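Novice: Let me begin by handing over the structure; questions about it come next.
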Amino acid sequence: MEESMEEEEGGSYEAMMDDQNHNNWEAAVDGFRQPPPPPSSIPVPSREPPGGQLLAVPAVSVDRKGPKEGLQLGPPPPPEANGVIMMLKSCDAAAAVAKAVPAPTPSSTININTSTSKFLMNVITIEDYKSTYWPKLDGAIDQLLTQSPGDYIPISYEQIYSCVYKCVCQQHSEQMYSDLIKKITNHLERVSKELQASPPDLYIERFNIALGQYMGALQSIVPLFIYMNKFYIETKLNRDLKDDLIKLFTEHVAEKHIYSLMPLLLEAQSTPFQVTPSTMANIVKGLYTLRPEWVQMAPTLFSKFIPNILPPAVESELSEYAAQDQKLQRELIQNGFMRGDQSRKRAGDELAYNSSSACASSRGYR
């Protein structure tokens with residue numbers, strides 16, 4: 001019985017100590033979260049070493065040998081003046097522990113440098129544009145400008161469109177538009193120099209290749225930059241990207257060569273099949289697209305490939321039209337073009353053969 005009483009008393013003492021330690025730990029945690037009140041309103045007790053509050057209970061001896069030498073509990077520790085005192089003691093203990101821990105060095109602190117913040121905010125600087133984004137666009141434009149019809153171009157249209165989209169969103173539209181115009185202008189100046197060095201017999205054909213290649217490239221370049229066209233060129237410049245790029249070819253190529261090209265076209269027109277009809281049609285239609293005013297240089301030539309160039313025919317001028325047709329036929333005959341006569345001769349031979357065959361068949365039948 002006495003031993004059970006001793007065990008209960010010993011257990012109650014240990015439980016009391018555990019509660020005391022738990023309360024002190026909670027108070028220390030609260031001390032980190034809440035700043036202490038001003039010292040003027042709360043009396044600050046003398047500081048104790050860390051863990052000193054755990055020694056408030058007087059030491060006792062625990063002996064289980066007999067009732068006389070058993071557990072003797074002293075009086076319980078006096079209560080604190082208020083709960084703030086315990087909090088202050090806990091804060092002092094935490095401060096002492098914090099002093100023992102060395103302060104973190106600058107290398108161990110979290111350093112959010114400019115590159116990290118830039119990554120977090122997804123910002124494209126002008127340096128990023130020049131070093132990463134524009135080189136991709138530059139290479140793609142080069143391939144599109146120099147491709148031949150039917151060639152396969154190993155570029156990712158989705159990647160190029162994504163580059164344009166990101167640059168527009170990051171306010172690089174003006175720089176990108178300037179770089180695009182400069183890039184294409186340099187290309188067209190090289191094309192113009194190559195045409196100037198072409199011999200007359202290859203001049204028309206090479207001009208046709210340059211014109212067709214450039215117009216084909218615009219069919220891919222304009223859609224790739226459609227986001228820049230919509231949110232910068234149309235809204236701020238009140239223009240259209242395709243019109244600007246066509247104007248570049250007009251200024252840097254066509255205007256420099258129109259007075260050399262037109263006499264060759266008129267000469268080729270007078271000689272049948274000196275230039276293939278498809279080449280002639282492409283050049284005439286292309287020149288009309290670049291600048292419709294050039295029709296006045298050779299209205300008859302343009303009227304053969306573009307409708308409604310000449311004024312409508314009137315009855316009083318029918319004889320003049322007939323005279324022009326007869327003149328054209330004489331010129332064709334002089335140049336050895338006898339296709340119409342041969343066709344009529346073959347038609348007469350076939351008619352005579354069919355008539356003789358019909359007579360022979362009728363006689364045999366009788």
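Novice: Out of region 161-181, which residues are free of Cβ contacts under 8 Å to residues at least 12 places away in the same chain and either open to solvent by less than 60 Å² (accessible area, probe 1.4 Å) or aliphatic (A, V, I, L, M) (or both)?
Specialist: Scanning region 161-181 gives a single hit, Ser162.
Novice: Right, something else. In region 137-150, which residues are of a type outside the set (A, V, I, L, M, F, W, C) and assigned to a helix (DSSP H, G or I)?
Specialist: Across region 137-150, the qualifying residues are Asp138, Gly139, Asp142, Gln143, Thr146.
Novice: Residues in region 151-160 that are in a helix (DSSP H, G or I) and touching a residue at least 12 places away in the same chain (Cβ under 8 Å): how many?
Specialist: 3
Novice: For Tyr157, state whether it is over 13 Å from the mean Cα position of the chain (by Cα), closer than 25 Å to Ile181 by Cα and modelled with pLDDT of 50 or more.
Specialist: Spelling it out, it is not the case that Tyr157 is over 13 Å from the mean Cα position of the chain (by Cα), closer than 25 Å to Ile181 by Cα and modelled with pLDDT of 50 or more.
Novice: Can you tell me which residue in region 264-310 is nearest to Leu245 (Cα to Cα), limited to those that are assigned to a helix (DSSP H, G or I) and among the small types (Gly, Ala, Ser)?
Specialist: Of everything passing the filter in region 264-310, Gly286 is nearest to Leu245 (Cα to Cα).
Novice: Report whether or not Glu234 is under 30 Å from Asn186 (Cβ atoms) and open to solvent by 70 Å² or more (accessible area, probe 1.4 Å).
Specialist: yes
Novice: Does Glu251 fit the bill of being of a type in the set (D, E, K, R), open to solvent by 50 Å² or more (accessible area, probe 1.4 Å) and modelled with pLDDT under 95?
Specialist: Answer is no for this residue.
Novice: Of the residues Ser362, Ser356, Ser319, Ser343, only one is surrounded by fewer than 11 Cβ atoms within 10 Å (Cβ to Cβ), modelled with pLDDT of 75 or more and part of a helix (DSSP H, G or I); which?
Specialist: Being surrounded by fewer than 11 Cβ atoms within 10 Å (Cβ to Cβ), modelled with pLDDT of 75 or more and part of a helix (DSSP H, G or I) holds for just one of Ser362, Ser356, Ser319, Ser343, which is Ser319.
Novice: Only one of these conditions is not met by Asp243: (1) open to solvent by less than 70 Å² (accessible area, probe 1.4 Å); (2) under 30 Å from Val164 (Cβ atoms). Which number is it?
Specialist: (1)
Novice: Does Pro272 satisfy the criteria of being surrounded by fewer than 18 Cβ atoms within 10 Å (Cβ to Cβ), at negative phi and in contact (Cβ under 8 Å) with a residue 12 or more places away in the chain?
Specialist: For Pro272, the condition - surrounded by fewer than 18 Cβ atoms within 10 Å (Cβ to Cβ), at negative phi and in contact (Cβ under 8 Å) with a residue 12 or more places away in the chain - is met.
Novice: Taking region 182-240, which residues are within 21 Å of Leu266 (Cβ to Cβ), hydrophobic (A, V, I, L, M, F, W, C) and touching a residue at least 40 places away in the same chain (Cβ under 8 Å)?
Specialist: Hits for region 182-240 are Leu195, Ile204, Phe207, Ala210, Leu211.
The values are calculated or read from the model by the stated rules, or taken from the named source; none is laboratory data. Quick caveat: nothing in here was measured; it's all calculated off a predicted structure. Every residue, glycine as well, gets a Cβ built from its backbone with ideal geometry; the counts of neighbours run over all protein chains shown. The protein model used for the area step is the full one, side chains on, heavy atoms only, and it has no ligands, DNA or RNA in it. Shrake-Rupley method; radii C 1.70, N 1.55, O 1.52, S 1.80 Å.
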